[in-house]
Amino acid sequence: MLERRRPVPRLIHALAFCALGIALAAPGAHAAERKSAGAKKPAAASAKQQRSAARSTKAVPRKAVARVKATRSVAASARLAPRVAAIVPERQSFGQVAGLHTATDPLDLKSSVALVIDQDTHEVLLSKNDHAVLPIASLTKLMTGLLISQAKLPMDEAITITQDDVDTEKFSSSRLAVGTTLTRGEMLHLALMSSENRAAHALGRTFPGGLAVFVEHMNAKAKLLGMTDTRYVEPTGLSSRNQSSARDLATLVNVAHSDPLLRELTTSPGYEVAVGRRTLHYNNTNRLVKNPAWEIGLQKTGYISEAGRCLVMQAHVAGRKLIMVFLDSAGKFSRLGDAERVRNWVEKLPSLGAPGTLHAGGGGVAKLD
């Protein structure tokens, strides 16, 4: 009887075949694992390096970090300094270049040019370099206003600011954008009270005959008034070629003071104009008009770097009507300080023509007619 074969060998063969398949597949699996492990190691190293760097940063004293930052800031400033100096050079006024500030006076005025005249008697109470011819900045607008007022043009006529009114000489700013429309009266008010350059230029540009004709009228009026030291090239004062002397300006103040409209507008403390949906508020450039200690009948301020700080006024002081001219004052508020010094001095004088009247570099009687 034949013995029946057991199925064990087949099972063994099957198991062996499976083992061979696993062995053949294993290198790929190990390679993938090695690849995965290789990818994780740099990441782990990177994290380790970051922790080390963090510890190193913590180890640096804060003062040392501050010193590094300060050094970098100084270096940056040093690189920037020459560039800034090239953009905004330090400029001297014409009076400084001419050495006018070396002149002394009994009141120690900060203006290199000064003139104080009694408007009724024409007596010169104080004079300092009063014949010097210098740029007059926005004092120019006093002549602009005088011509516009005397021309009897309609003050309710609309005037629009154009690109021609934009300052291309000093690149000064203005709240009157191109396209803004105001009346001639409003333009005149802003020009005289707030020294609005675009408003003043628009007044000259819209004068009958145009800007060139207006400038001709400015010079003709100056000549008619006997202002022999005066020359105008435009109506704002932005050009340093607009020049005059203290004597000439005293004459202009005397004439302008006789105009009621100019008296009102130059001494107005503030003014509002509607521009589209906005209301713009302007203030007087001379803060003395709001000072109750002062009784000012007419005034105008001016400033460009070539002219320094300038101021002309007609004011009642100690029962006298005085005309004051201050040109080329050094310091933002020094022209107002000079006016205060003159007022305090005049108030101490006992009577008209009393001894003690100052004639610093001048004197006599001024011709104001």
### Summary
Spelling it out for Ile159: with amide H atoms placed in the peptide plane at 1.01 Å from N, the residues 5 or more places away or on another chain with amide H under 5 Å from its amide H are Leu182, Thr183, Arg184
### Message
Please list, ordered by chain and number, the residues whose modelled amide H lies under 5 Å from the amide H of Leu126; skip anything fewer than 5 residues away on the same chain.
### Response
Val116
### Summary
Per the charge dipole of segment 94-348 (beta-carbon charges, Lys/Arg positive, Asp/Glu negative, Cα centre), the residue among Leu190, Thr206, Ser245 reaching farthest to the positive end is Leu190
### Message
Whole angstrom only: what separates the Cα centroid of segment 322-337 from the Cα centroid of segment 212-228?
### Response
25 Å
### Message
For segment 238-298 and segment 96-170, what is the centre-to-centre distance using only Cα atoms, to the nearest Å?
### Response
11 Å
## Note on the structure
Output for segment 276-336: trypsin sites (Lys or Arg not before Pro) sitting in coil per DSSP, at most 13 other Cβ within 10 Å, listed by number, reads Arg277, Lys332
### Message
My understanding is that a pair violates if its Cα-Cα distance is over 25 Å; which of Lys141/Lys290; Lys128/Lys152; Lys152/Lys300 do that in this structure?
### Response
Lys128/Lys152
## Note on the structure
What the 5 Å binned alpha carbon P(r) of segment 94-348 shows, as percent of pairs per bin from 0, is 1, 6, 14, 19, 20, 17, 12, 7, 3, 1, 0
### Query
Once the other residues with Cβ under 13 Å from the Cβ of Gly308 are scored (Lys, Arg +1; Asp, Glu -1), what is the net sum?
+2
### Summary
Calc'd 3J(HN,Hα), segment 326-335, phi into Karplus 6.51 cos²θ - 1.76 cosθ + 1.60 (θ = phi - 60°), Hz, glycine/Pro = x, comes to 10, 10, 6, 7, 8, x, 4, 10, 5, 5
### Summary
The size of the Cβ-based charge dipole (Lys, Arg +1; Asp, Glu -1) of segment 94-348 about the Cα centre, to the nearest 20 debye, is 340 debye
## Note on the structure
Sorted by chain and number, the residues with a modelled amide H under 5 Å from that of Val275, at a separation of 5 or more or across chains, are Leu280
### Message
Neighbour counts of other C-beta atoms within 10 Å: give me Thr121, Thr267 arranged from fewest to most.
### Response
Thr121, Thr267
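Quick note: the coordinates plus some simple rules give every number you see, no bench work behind them. Bear in mind the structure is a predicted one, so any value in this text is a computation, not a measurement. Please note: Cβ atoms are built from the backbone with ideal geometry, for glycine as well, and neighbour counts cover all protein chains shown.
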